[in-house]
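K.L.:
My structure is below; once you've seen it, I'll send some questions.
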């Protein structure tokens, strides 16, 4: 199971890298979102995808799932949600004021 | 239980949320935020004294004993930085209060500044690696907003780059955390240190440590500084001063913490890489500092040179050089804030950004001119000012470690700092005045006062070395003896 998830993470990261390197701003935002999904999957995989019971004392199960990675992911998801939302709004605002959604046309300023 | 430890982080958050309700009343916003930071400063001063008396203090959130819960750990190093950054924040807020940028004040400038400080103080205090990530994100989200607040074209396009590079570095941070948790099964920093010491840092852990090196270098602007000059240039004065004083320093703090507490077993690999990176940073920064005529670019590159210089201390890795780095870190937080305030004020007064377009400012604003001279001497490391002690100790420590090339590069870069700023001073402040008395823009006393106080602090820090030295010695002592930190952070009794 871990191997399959790891392969999936690899696919997600490569897709995200492709998107991040493109010129269109929407693709960049989507790329950053997919990148964060990949890392969330990695976090839960690193904790081990064991089949075990709910980590509450007094249950009838012998093995427990490690609860920490899930807590970490929950936090990371919230953070990446906030960042993606902000990023999306910023991209839209930039599109409004610069008048282009092409990153190449936005780059640099003419100084010196 | 030392519940007081949470205040440097929680007070700014509470105040920030409360200030949201006073949108239409800029006076409440200004003085409310300054008052909050004064209280935070006094509290952190008190904690610093307590740490000096009683050793490392710890707060376990929700009574979860470490290593299972999240802890705040205050040692002298962390508290020294919290105190200094709170102090510099007060002065930047004071400047902002008198600069009266009402367009931004209406859109929650002060609440976001307070949230930024909450993130910074949290990052200094936390004893948990994942919590460090969270505090970084709190700080970064606030900085994204501050970066783009105002919505000028330049801010928006630079903001995109800034956010993207930080999303990437946060991604690497999570990657490092995932790997570290996968291999060691803990994220409490003291506990991590213990476990790494038990297994003696095998190559796998050294590789993970390099991942962390990349992450913190991106935040600190060590080699990976390409995002820095552009984004700092686009900011309004008070915000840019705060960014220059604090944001990169949090990265430097994280580098020091992780490479003195966690990954200190293979200095021949990690610390050598840090040394090379520090040298590249100083060389690149020096080239940048003399390449431009735009004063904002010049000072932004000065930030980069200072980062390289501080990291020379970490690369040399002995008590003396680390003491030097701590001195220099404290000095740099104060004086970089001052430098950015000064340069922002010059642009506000003249409306020009290039140093060959203005001259003779010292005739119009004599006190202001002298403060600029003090700033540049202090940055160059001239004796009576605060930069000297740090430079001396870092140089001495690096010589003891036998890093002759690094010392040479470091001190040459100081010359470049001096030269690049002297060029601004000679062109803009000396010579025939280009502003007629009647066209002169009035420099408000409050703005001048915050610069003046910072300048006096840099003189005071330089002359009062004996007052600061016990704190620095204690901070360096904990950094060089990880067992002290582990004892303080894990001991349950």
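K.L.:
From the list B:175, B:180, B:228, which residue is within 24 Å of residue A:17 (Cα to Cα), touching a residue at least 40 places away in the same chain (Cβ under 8 Å) and within 11 Å of chain A (Cβ to nearest Cβ)?
P.N.:
Exactly one residue qualifies, and that residue is B:180.
K.L.:
Right, next: Considering only segment A:11-23, I want to know if a residue exists there that is loosely packed, with under 12 Cβ neighbours inside 10 Å, farther than 28 Å from residue B:135 by Cα and either in contact (Cβ under 8 Å) with a residue 24 or more places away in the chain or within 10 Å of chain B (Cβ to nearest Cβ) (or both).
P.N.:
no
K.L.:
From B:140, B:45, which residue is farther than 21 Å from residue B:188 by Cα and crowded, with 23+ Cβ neighbours inside 10 Å?
P.N.:
When all the criteria are applied, what remains is B:140.
K.L.:
If you go through segment A:7-28 one residue at a time, how many are in contact with a helix residue (DSSP H, G or I) (Cβ under 6 Å, 6 or more places away or on another chain) and farther than 21 Å from residue A:104 by Cα?
P.N.:
The number of residues fulfilling the criteria is 3.
K.L.:
I'd like the full set of residues that are surrounded by 14 or more Cβ atoms within 10 Å (Cβ to Cβ) and part of a helix (DSSP H, G or I), limited to segment B:15-30.
P.N.:
Passing the criteria: B:15, B:16, B:18, B:19, B:22, B:26, B:28, B:29, B:30.
K.L.:
Of the conditions (1) part of a helix (DSSP H, G or I); (2) within 14 Å of chain A (Cβ to nearest Cβ), residue B:69 satisfies every one except a single condition; which number is it?
P.N.:
Answer for residue B:69: the failing condition is (1).
K.L.:
Next question. Quick check on my filter: what residues within segment A:76-85 are in contact with a helix residue (DSSP H, G or I) (Cβ under 8 Å, 6 or more places away or on another chain) and either on the phi > 0 side of the Ramachandran plot or surrounded by fewer than 16 Cβ atoms within 10 Å (Cβ to Cβ) (or both)?
P.N.:
A:77, A:82, listed by residue number.
K.L.:
Follow-up. So which of B:288, B:284, B:313 ends up being at pLDDT 90 or above, more than 26 Å from residue B:91 (Cα to Cα) and crowded, with 23+ Cβ neighbours inside 10 Å?
P.N.:
Criteria check complete, one pass: B:313.
K.L.:
Here is a follow-up. Can you tell which of B:48, B:59 is modelled with pLDDT of 90 or more and over 23 Å from the mean Cα position of the chain (by Cα)?
P.N.:
B:59
K.L.:
Consider residue B:394 carefully, then state whether it is part of a loop (DSSP other than H, G, I, E, B) and closer than 18 Å to residue B:416 by Cβ.
P.N.:
It is false that residue B:394 is part of a loop (DSSP other than H, G, I, E, B) and closer than 18 Å to residue B:416 by Cβ.
K.L.:
Within segment A:40-54, can you find the residues that are within 12 Å of chain B (Cβ to nearest Cβ) and either at pLDDT 95 or above or touching a strand residue (DSSP E or B) at 6+ places or on another chain (Cβ under 7 Å) (or both)?
P.N.:
Residues satisfying the conditions do not exist here.
K.L.:
Additional query: Can you spot a residue in segment B:5-13 that is outside any helix (DSSP H, G or I) and touching a helix residue (DSSP H, G or I) at 6+ places or on another chain (Cβ under 9 Å)?
P.N.:
no
K.L.:
Among the residues of segment B:140-153 satisfying the criterion of being assigned to a helix (DSSP H, G or I) and at the interface with chain A (Cβ under 7 Å from one of its Cβ atoms), which is farthest from residue A:42 (Cα to Cα)?
P.N.:
B:153
K.L.:
Which of the residues spanning segment B:200-213 are farther than 16 Å from residue B:308 by Cβ and modelled with pLDDT of 90 or more?
P.N.:
Within segment B:200-213, B:202, B:203, B:204, B:205, B:206, B:207, B:208, B:209, B:210, B:211, B:212 meet the criteria.
K.L.:
Continuing with the same structure: Anything in segment A:56-103 that is more than 9 Å from chain B (Cβ to nearest Cβ), in contact (Cβ under 8 Å) with a residue 12 or more places away in the chain and in a helix (DSSP H, G or I)? List them, or say none.
P.N.:
Matches in segment A:56-103: A:70, A:73, A:77, A:88, A:95.
K.L.:
Select, from B:164, B:156, B:205, the only residue that is touching a residue at least 24 places away in the same chain (Cβ under 8 Å) and either more than 27 Å from residue B:285 (Cα to Cα) or facing chain A (nearest Cβ under 10 Å) (or both).
P.N.:
B:205
The values are calculated or read from the model by the stated rules, or taken from the named source; none is laboratory data. Predicted model, so just to flag it, every value in this text is computed and none were measured. When we count neighbours, we look across all protein chains shown, and the Cβ atoms used for this are built from the backbone with ideal geometry, even at glycine.
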